[in-house]
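Data first, discussion second: the structure below is written as structure tokens.
The numbers here are math on the coordinates, done by the rules we state, and not lab data. In this text the structure is predicted, and so the values were computed from the model without any measurement. Neighbour counts run over all protein chains shown; Cβ positions are idealised from the backbone, glycine included.
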């Protein structure tokens with residue numbers, strides 16, 4: 001990019017103009033430090049009581065008048081295999097090539113055939129039930145899990161996609177595995193802000209026996225809003241609790257949880273509608289008592305918020321309020337030096353508030369002390385093609401560095417910062433500094449340091 005040097009005849013050097021070298025310190029700007037603690041503030045409801053042998057809503061929806069099922073299922077699906085109120089014959093094949101099929105046979109005297117070389121969960125339901133299951137070689141310690149099955153026949157098989165237990169004898173050493181969700185910070189075309197659980201968390205059973213352990217797990221998402229006056233996070237909304245029956249990590253090809261509502265049919269889609277402000281999502285994870293363990297809870301922030309309205313530290317969603325006026329701003333520093341910038345929307349086709357605001361055409365001026373060489377005035381210009389995005393609260397902060405040569409100056413190195421806030425009435429305040437600039441000229445080396453300066457500016461139209 002072009003750079004030039006202006007020389008005053010009354011001083012050794014008066015003003016260096018640096019074009020196009022401002023660089024945001026972090027993404028679109030320096031994110032404000034997160035005020036969140038490691039643990040979310042208390043709030044929201046706990047997990048609901050678990051009914052004995054909680055049955056998926058899809059299976060509860062089976063009509064009492066439905067005819068008996070005599071069918072082979074491919075297996076390997078997240079969706080459960082459901083029986084009826086009649087005497088069913090349910091065969092789970094290995095065509096799916098994936099373990100973890102759940103069979104809920106329902107009422108009646110049912111026959112379940114699950115000797116498919118894959119690890120499955122079989123719940124016979126009410127009645128006198130029988131099942132043929134896998135007894136995995138070499139020692140049979142791993143096998144299909146059966147519940148409410150009175151007559152079990154084990155068939156020796158070489159089972160796929162399963163590994164030995166890594167359990168620990170001490171209860172204190174039990175781990176409760178889960179993977180965090182992804183939170184999407186977005187807005188619709190009409191300007192509505194959303195914090196959405198874009199990828200659900202994954203929760204596995206605790207590994208406490210030699211066999212694959214199955215455990216009912218649940219989670220609920222909470223949306224917190226930062227109270228700007230107190231600096232504290234407060235619960236804004238909570239999603240319904242959802243549940244799944246999950247295997248432990250011995251099952252290596254687990255396709256993921258099929259989350260279900262407790263009180264209705266369907267797969268949840270968790271999305272919060274938000275007003276302008278700073279938001280963060282936290283997750284309550286719950287493991288219901290099973291396999292000799294009691295209930296267990298984990299409550300923590302979701303670490304990964306992403307998309308356009310995510311804070312640069314990925315910990316929050318920053319939804320902007322009303323923007324400042326678009327146009328030119330002019331002002332001065334506390335040492336009487338001129339400074340100016342322009343504001344404009346980032347996306348002109350979106351609703352103005354959703355379209356974001358960027359600062360461009362920045363010009364700052366600062367005096368720096370160059371030791372024995374005296375004092376110099378240094379001006380830094382940001383051309384229109386380089387811009388800085390306003391944060392959700394109309395603040396901004398960035399740092400710049402440059403390394404270049406001109407026709408008369410060599411080895412120029414400069415470091416500088418600018419930060420501020422613009423209100424909706426068009427008043428702006430902040431600080432700037434050209435912290436350091438050095439260069440070589442006519443065989444001499446110049447090394448200069450500046451001081452931070454406050455500035456004020458107003459909307460000029």
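Annotation for region 202-226 versus region 439-454: alpha-carbon center distance of 59 Å.
Per-residue extension of 0.36 nm, minus the Cα-Cα distance of residue 70 and residue 139, leaves a gain of 21.6 nm for this segment.
Spin-label pair residue 78-residue 303: with each label point 7 Å from Cα along the Cα-Cβ axis, the two points sit 2.2 nm from one another.
Considering all different alpha carbon pairs of the chain, the Kirkwood hydrodynamic radius works out to 26.8 Å. Going by a ≥ b ≥ c, the root eigenvalues of the Cα gyration tensor, does region 65-157 fall in the rounded group (a/c under 1.5), the prolate group (a/b larger than b/c) or the oblate group? Oblate is the answer for region 65-157, as a/c is 1.5 or above yet b/c matches or exceeds a/b.
For the chain, the mean residue ellipticity at 222 nm estimated from helices alone is 0 deg cm²/dmol, where every DSSP H run of n ≥ 4 contributes -39500 (n - 2.57) and the total is divided by all residues, rounded to the nearest 500. Between the alpha-carbon centres of region 241-298 and region 63-120 there is a gap of 24 Å. Annotation: the antiparallel percentage among DSSP beta bridges lying fully within region 171-310 is about 95.
The length gained by stretching the chain between residue 458 and residue 188 to full extension, at 0.36 nm per residue less their Cα-Cα distance, is 94.0 nm. DSSP beta bridges fully contained in region 65-157 are about 5 percent antiparallel. Relative to the current alpha-carbon distance between residue 291 and residue 273, full extension at 0.36 nm per residue lengthens the span by 2.6 nm.
What the Cβ-Cβ distance of residue 238 and residue 326 gives, at R0 = 41 Å and to the nearest 0.05, is a FRET efficiency of 0.60.
Panel note: the C-alpha atoms of region 171-310, placed on their principal axes, show extents of 53, 33, 27 Å (largest first). Normalising the Debye intensity of region 270-354 to I(0), with uniform scatterers on Cα atoms only, and taking log10 at q = 0.23 Å⁻¹ returns -1.12.
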